[in-house]
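Below is one structure, written out as structure tokens; comments come after it.
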Amino acid sequence: MPLYLRTIAMLTFLAFTGAAIALEAHPGNTCPALDASNAAQRERLMDYVCFHAADPDDPVHKAVAPSELPEDMDWQAAQGHDLVFSHTDSVYWVHLHLVNNDSRQGFWYLKLNYPLLDDVTFWQTDARQTRTLTTGDQHPFHSRGIDYRYFLLPVTLEAGETQRVTLRIRSSGALNVPLSLETPDKVVAESNHLTLTHGLFYGALLVFAVFNLLLFFSSGTVYYFYNAFYMGTMGLFLFAMGGFANQYFWPDSTGFANTSIPLLIALCALAMTAFGRSFLEISPGTLSSATLRVQAWASAALLFTTFLLPYNQSILLNTTLALTIITSLFLIGVLRWRQGYAPALWYVVAWSVMLVGALIYALAAFGYLTDFLAREFFMLTAIGAQVVLLNYAMVQRWRLLNQKLLDVEHNARTELEVKVHERTAQLRNTMRELERANRKLATLSLNDALTGLHNRRHLDNILPELCAEARRTGQPLSLALIDADHFKRINDTWGHGFGDLCLQRIADILSRHVKRPRDVAIRFGGEEFALLLPGTDRDGARRVCQHILEDMRSTEIEAADGAGVIITLSAGVATMSPGQSEQELFQQADEALYGAKASGRDRVTTAGVETVQ
């Protein structure tokens, strides 16, 4: 027989011998062997996997090693499906038969892509020995042997070598066993891809959370804090669900690994409620407000019961509450949108994405959907989209508030302008009234109330001006002082009322004869009057006074007893000389008046010339 035929026969004999030895240990095994060197078979790993679910009544439930399994144990073929189980107390045994049909040594990783398993034990059995690896969340993280969030089992097969891999899996929650057999290159490539994906996701989430915290500290707006709180708790929850928290935060806290999941769900529920209540501006006393208040208290209560209840109960309660809150926030957002609150539209869109993502992720986590890794990536995408939409909704809310502020400012400015215009109009009216009042007051202050003629104050004001004008222009200025004769006897005989009537008659006569615009008639004493005649010389002033005296002499005033009374007047006239002061002019006129009275009254006397009438 040729050498190469003898070699092939020997290798075939050794292969069958190894397979026989492997099958002899578990004669009940009917799972086909997987050629690890064949990439197509590795892609269809679940076609070569068998499993057995041992419930608490099954004797296999207490077995802790493959050697304790009965030889006739009923193994079920996975038939290409991922092993996914909802909450159960069963222990699951998984079997995989590997062979390397390549002519070279091969190295692979058996990868279990689900980090939340309490106890996972791997047995690798070949013709020489059995190697054991015991790990899981109930063990320190370093028990995995490889620093990776998922479970990795190194598999080394010599050319033609056969190996049996057995897993014992127990977990208090849902159980996912997504197995794959991958080359180191593929594991590294997928790890790098996931590292980039998770780095971008958690980095963006951290940036958004910090940014919202800064907005809260700078503006004091509380929903920025609630949004940062929500993003922080949600990020930490996904961090824990992805196995990162157990890897980096509490690698040695075996008890907290399970407790952290429902605890973070309750925190997320509380944060979602607080943020939704604040952002949607829920009015107190409404059904929405009462609903969110009850949900907030329920979330706070579940925070404490998480430490008291078993994991399988607390995870179910907290997840149910979280899904209820997400649904109620979605419905309340729709209600607020229909009520006309514009930012609620983007809030509803964001919460729609969150609702779908959370529901799919929960179904996968509870063992009702396969391919947990894909569901996890979908959840990350949903949360990322929700965070972006929520922040966009906050931008829209800020724009709405800013527009309201601008509208309020515009209305306030318009109202202020109207009020200023009204106040200005009122002020103008007041000023006009004040001006009229001032003019009236000036008239009252410069006019005699009884006769209507100007008074002594006006004489004191205008005489210096007229004197200065006369000195400047050289035009004549005459001053006539007129006094009623024997006026005291009239008051004593007929009373002061009749005396006032006589004074009014005198004023009327003076006003009739003082016709020129610049001529001024003044009552500056009881029965004393004055005439200021600018531009009038001594003769003209004397003629005016004579006409006044004649008019007065011919006027009869009827007294109360029916008697007719005739009053006479005396006048003194002075004309301003060059260099003369107003005091000297007044003194000359007064001396002339005194001369007229001394000469017999009812006459005009001119200063410097005595004229008797």
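A few comments on the model shown:
- Top-ranked residue in region 289-330 [being surrounded by fewer than 20 Cβ atoms within 10 Å (Cβ to Cβ) and closer than 23 Å to LEU401 by Cα; ranked as farthest from the chain's Cα centre (by Cα)]: PHE330
Here is a yes/no grid of residues against (1) crowded, with 22+ Cβ neighbours inside 10 Å; (2) modelled with pLDDT of 85 or more; (3) outside any helix (DSSP H, G or I); (4) among the acidic types (Asp, Glu):
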position: ASN212; (1), (2), (3), (4): yes, yes, no, no
position: PHE217; (1), (2), (3), (4): no, yes, no, no
position: ALA257; (1), (2), (3), (4): yes, no, no, no
position: ALA266; (1), (2), (3), (4): yes, yes, no, no
position: LEU270; (1), (2), (3), (4): yes, yes, no, no
position: GLY285; (1), (2), (3), (4): no, yes, yes, no
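- Only one entry in GLU591, GLU584, GLU550 is closer than 22 Å to ARG489 by Cα, outside any loop (DSSP other than H, G, I, E, B) and without any contact (Cβ under 8 Å) to a residue 60 or more places away in the chain, namely GLU550.
- A search for C-beta distances below 9 Å between a residue of region 516-528 that is free of Cβ contacts under 8 Å to residues at least 12 places away in the same chain and under 20 Å from THR568 (Cβ atoms) and any residue that is β-branched (Val, Ile, Thr) and not in a loop (DSSP other than H, G, I, E, B), counting only pairs 6+ apart in sequence or on different chains, returns nothing.
- Test: residue in region 310-333 that is on the phi > 0 side of the Ramachandran plot and modelled with pLDDT under 90: no
- Some residue of region 161-183 being over 23 Å from LEU69 (Cβ atoms) and touching a His at 6+ places or on another chain (Cβ under 9 Å): yes
- Selected residue (criterion: surrounded by the most Cβ atoms within 10 Å (Cβ to Cβ)) from residues of region 226-239 that are touching a Ser or Thr at 6+ places or on another chain (Cβ under 9 Å) and within 17 Å of VAL388 (Cα to Cα): ASN227
- Here GLU435, GLU422 are screened, and the one residue that is acidic (Asp, Glu) and either modelled with pLDDT of 85 or more or not in a helix (DSSP H, G or I) (or both) is GLU422.
- A residue that is surrounded by 14 or more Cβ atoms within 10 Å (Cβ to Cβ), at pLDDT 90 or above and part of a helix (DSSP H, G or I) can be found somewhere in region 530-538.
- Filter result for PRO32 (surrounded by fewer than 21 Cβ atoms within 10 Å (Cβ to Cβ), modelled with pLDDT of 90 or more, over 57 Å from the mean Cα position of the chain (by Cα) and not aromatic (Phe, Trp, Tyr)): yes
- Options VAL387, VAL395, VAL408: the member that is more than 16 Å from the chain's Cα centre (by Cα) and either of a type in the set (A, V, I, L, M, F, W, C) or surrounded by 14 or more Cβ atoms within 10 Å (Cβ to Cβ) (or both): VAL387
The values are calculated or read from the model by the stated rules, or taken from the named source; none is laboratory data. This one's a predicted model, so the numbers in the text were calculated from it and none came from an experiment. Virtual Cβ from ideal backbone geometry, glycine too; neighbours counted across all protein chains shown.
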